[in-house]
Each structure stands twice: as C-alpha cells, then as structure tokens.
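Some notes on the structure that comes next.
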Amino acid sequence: MLTHIEHVPRGLLETDPRDLHRLLPGPTLMQLPGRRPEPLFVSVLLHGNETTSYRAVQQVLAKYAGKALPRALSVFFGNIAAARAAMRRLPVQPDYNRVWPGAESDSTPEHQMARDVIAAMHRRQVFAAIDIHNNTGANPNYACVNRVDQRFLHLARLFSRTIVFFERPLGVVSAAFARLCPAVVIECGKPGQEENERLAAEFVDAALHLSAFPEHPVPAHDIELYHTIGIVTVPDEVTIGYGRSESAVRFAENIERLNFQDLPAGTRLALAPGAPAVPLVVRDNDGRVVTDDWLSLVAGEIVTRRVVMPAMMTRDERVIRQDCLCYFMERVPYPAVHPGGSDQHIPMVLNGLSSKA
C-alpha cells in the first residue's frame, strides 16, 4: 500500500486535503534531505477529517521552498481516501492510528503498511516523531506521550505545558515510534482553525531545529502532567442523544464543557431512564471492564463514583461509534528534581506502572 517519494509533489502546497488523492495514489512516505541527516518524522491525516496536520506541513514546506531544511524531514500522508470524503475513516477501513506495531491484531494491508513505515524510519535513524491530530470536542491544545521520559517531555513541552501520558489505545503511531526515538502526539483542537494550524507548523519547525534533547529534567513548574486511566465507550445497541432526546442515554447539550475539568464524585454525566445498569462501558489500561469503579446509575442518572477528569468528550456520534465517548484521566504529581539535586533518573509509579522520569 505504501508509496515512497523523495520530492515535494508539484502543487502540494496549494492542494486541499480533499484533493490530495489527485497528487498521491494512497498512503505515502515523503523523504526530504536536510542539513542534519537523521530525520524528523511527521504523520498527517491518519484521520482523514483532521486537517490541521496537513495544513501545518504545507506551511513548513512553503517556508523552506528553495532552501535547505534544518534537518531531514519524513512526512507520512496517511488516510488519503478518507480525506477525500472528509471522514475519520471509511467504513471499510481500519483506523489508521490503530494499525501500528503493538496493535491488537496485524492482519490487514494497513498493518503491513505501518510496519513498512517503521522499518524505513529505523533504517534512517529517525531523530524524533510527531503525530498531529484534531479532536471533535472542546479541548485545550495539549501533547501526549507514551513514555514518561525527559526527552519525550522536552519535545512535548515545545508545544504545550499540558501533557498526557497514555497507554491505551494500542496500535498508535506514537507508541510504535517510542521504541525508536522521542515521540509525541499533539492535539490541536477542532480542524479548520488557522491559529492551531500555525501553532502546529511552528512546533514542527522548532523540532526541525533541535540538534539534541536536553538531559536535565523538565522543571516541575513547566508542565501539567496527566495520565489516562480509562476509555469510555457506548455499546452499539445503546442509542444516544442530547438535551430532550428520547434516546436510551441523554447527555447535556454542553457535555463538552466537562473536558479537562476535575469532576467530583456524584457529577451527572447523562440521563438513562429505565436502564437496569450503567449503559456505558469503561475499560482500564489492561482492557478490563471497570465501569462499576467509575460510574453509578442513581435514579435514572449516570453519575461519577469518584473524582475524575474527562478528555475528548464529544457530541460527534460517528466518532463515538468509531472510537470512544471520552477518556478518563487523573493528575500526576511530577517530580522534576531528584532529591539529591542531581540529574539522575527518578522512579515514577503511575497506577502501578513503573516508569522512569
């Protein structure tokens, strides 16, 4: 499935993402030289309706048109067919951000495509990896990492002081690249916002100028660190709606306002009149169903059982069905300085997961 090119296709800087199929036959890895040979990898359009990634790369390429890049740049153009339809993915496709090494399965042509990309970048000694996304809910701009490692945190902090450490879902591009180099995901709000496109382009440009990653810890006052602890989904047979809907689960019209807010125990998330049990499913980072640990059904209302912070809460039913309703997170105390004052690695335990900060 993968096409390899070593040039910027004519017209790329002006082409709309819905017309990219006219320039590229499908998923394409574009490798461009730079003054430093180890490339920065950037993945764009893994979800076809998340266009900030593509617009940001267009801005970076326009800036360096006719000039040498500070560092070699590898751009993976992902789901071009879904971009043509302005959809996250087509119904016949897997999610292009669930097919990378470490996924729950590896049987599709898309899985082989992802392995080919990883192999190509390993051969080129990739320097760092950036995956750019949009989301459908009201969220701040933030960065995500799969390892609590100072190099990863330094890279993420170039984009935002809000950083989320996550272990699920599996098969994401950032987790696959984390085995090779510092890797981050940046979440750039809703698509079509010029300010967020500019910020993403500036972040990619800043990463291109890095010669190395600092060894010292990121100062504690410089980041707010969170950890995802659950994924909330809606079973296929459960109907959902908003406001005065007659659906089985009825969310408030302004449900997105709950994102990145600490919700105390007893906060109402939705109405579920007549339901015998909570009609949502919460899975932890081991894939276990832990709904009863987090949610209760009280007099026809779905309420939180403990303090939790949601992220990516959305009203987009297509996204809810293809991915999830939201993620549950917790704040993580971040130890930035070793008690002895040195730059040694500091053990950090996150819900039983031992990491190195």
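The values are calculated or read from the model by the stated rules, or taken from the named source; none is laboratory data. In this text, all values refer to a predicted model and were calculated from it rather than measured experimentally. Note: ideal-geometry Cβ built from the backbone for every residue, glycine included; neighbour counts use all protein chains shown. These accessible areas exclude ligands, DNA and RNA; they are computed on the full protein's heavy atoms, side chains included. Shrake-Rupley method; radii C 1.70, N 1.55, O 1.52, S 1.80 Å.
Can you sort GLU253, GLU6 by solvent-accessible area, 1.4 Å probe, largest first?
Putting GLU253, GLU6 in descending order of accessible area: GLU6, GLU253.
Describe numerically, in nm with one decimal, the distance between label points set 7 Å from Cα along Cα→Cβ at THR108 and at ARG124.
Modelled inter-label distance: 2.4 nm.
When the expected Rg is taken as 2.2 N^0.38 Å, what fraction or multiple of it is the alpha-carbon Rg of the stretch 183-264?
1.64
Let's see if you can work this out: charge +1 on each Lys and Arg Cβ, -1 on each Asp and Glu Cβ, no other charges. What is the dipole magnitude of the chain about its Cα centre, in debye to the nearest 20?
Here the chain has a charge dipole of around 620 debye.
What is the stretch 143-186's relative contact order, in percent, from Cα pairs under 8 angstrom and six or more apart in sequence?
About 53 percent, as a whole number.
With a 10 Å cut-off between alpha carbons and a GNM built on the chain, which of ALA114, ALA85, ALA201 moves the most?
Fluctuation is largest for ALA85.
What does the charge count around VAL307 come to, taking other residues whose C-beta lies under 11 Å from its C-beta (Lys +1, Arg +1, Asp -1, Glu -1)?
Once all neighbours under 11 Å are counted, the net charge is +1.
Once fully extended, how much extra length lies between VAL307 and ALA68, figured as 0.36 nm per residue of separation less the alpha-carbon to alpha-carbon distance?
Answer, rounded to one decimal: 81.0 nm.
Of all beta bridges DSSP finds with both residues in the chain, what is the antiparallel percent, to the nearest 5?
55
Hey, how many Å between the Cα centroid of the stretch 72-141 and the Cα centroid of the stretch 289-329?
Distance between centres, Cα-based: 26 Å.
Give me the percent relative contact order of the chain, please, defined on Cα pairs under 8 angstrom at least 6 residues apart.
Reported relative contact order: 15 percent.
For the chain, with a Gaussian network of springs between Cα atoms less than 10 Å apart, report the residue from PHE177, PHE77, PHE213 with the top mean-square fluctuation.
Top of the fluctuation ranking is PHE213.
Around ALA156, under 15 Å between beta carbons, what's the net of Lys plus Arg minus Asp minus Glu among the other residues?
Value of the local net charge: -2.
With the other protein chains left in place, how much accessible area per residue, in square angstrom, belongs to the stretch 47-133 at a 1.4 angstrom probe?
Heavy-atom accessible area per residue stands at 37 Å².
At a temperature of 4 °C and a viscosity of 1.567 mPa s, determine how fast the chain diffuses translationally according to Stokes-Einstein, using the Kirkwood radius over alpha-carbon pairs as Rh; express D in µm²/s, rounded to the nearest whole number.
Value of D from the Cα-based Kirkwood radius: 61 µm²/s.
Kindly state, to the nearest 0.05, the FRET efficiency for LEU23 paired with ASP262, given R0 = 56 Å and r defined as their beta-carbon distance.
Here the calculated transfer efficiency is 0.75.
Could you give the nm distance between label points at HIS7 and THR239, where each point is 7 Å from its Cα heading toward the beta carbon?
The modelled label-to-label distance comes out at 5.6 nm.
Using only Cα atoms, figure out Rg for the stretch 105-206 and give it as a multiple of 2.2 N^0.38 Å.
Scaled against compact globular proteins, the figure is 1.10.
Length gain on complete extension for the stretch GLN93 to GLU14, per 0.36 nm per residue less the alpha carbon to alpha carbon distance?
That pair, GLN93 and GLU14, stretches by 25.7 nm at full extension.
Within the stretch 51-176, what whole-number % of the accessible surface is contributed by carbon and sulfur, with the 1.4 Å probe and all protein chains included in the calculation?
Carbon and sulfur atoms account for 52 percent of the accessible area of the stretch 51-176.
Hey, what number do you get for the chain at 222 nm if only DSSP H runs of n ≥ 4 count, each worth -39500 (n - 2.57), divided across all residues, to the nearest 500?
-5500 deg cm²/dmol
Quick one: what are the phi-derived ³J(HN,Hα) couplings along the stretch 238-252, Karplus 6.51/-1.76/1.60 with θ = phi - 60°, whole Hz, x for glycine and proline?
With coefficients 6.51, -1.76 and 1.60, one gets 8, 7, 10, x, 9, x, 8, 4, 9, 6, 5, 10, 10, 8, 5 Hz.
Enter the angle in degrees (range 0 to 90, nearest 10) between the Cα long axis of helix 109-123 and the first principal axis of the Cα atoms of the chain, meaning the one along which they spread out most.
50
Which residues' amide hydrogens lie under 5 Å from the amide hydrogen of LEU69, considering only partners 5 or more residues apart or on another chain, with H built in the peptide plane?
Hits under the 5 Å cutoff: ARG35.
Once both axes come from the Cα atoms, what is the angle between helix 194-208 and the longest principal axis of the chain, in degrees from 0 to 90, rounded to 10?
50
With every protein chain in place, what's the accessible area of ARG147 (1.4 Å probe, Å², nearest 10)?
Around 100 Å² of this residue is reachable by solvent.
Run the numbers on the stretch 191-333 and let me know its relative contact order in percent, using alpha-carbon pairs under 8 Å that are six or more apart.
Once normalised by length, the contact order is 29 percent.
Debye sum, Cα scatterers, the stretch 27-115, no solvent: what log₁₀ I/I(0) at q = 0.18, 0.20, 0.21, 0.24 1/Å?
Result of the Debye calculation: -0.83, -0.95, -1.00, -1.15.
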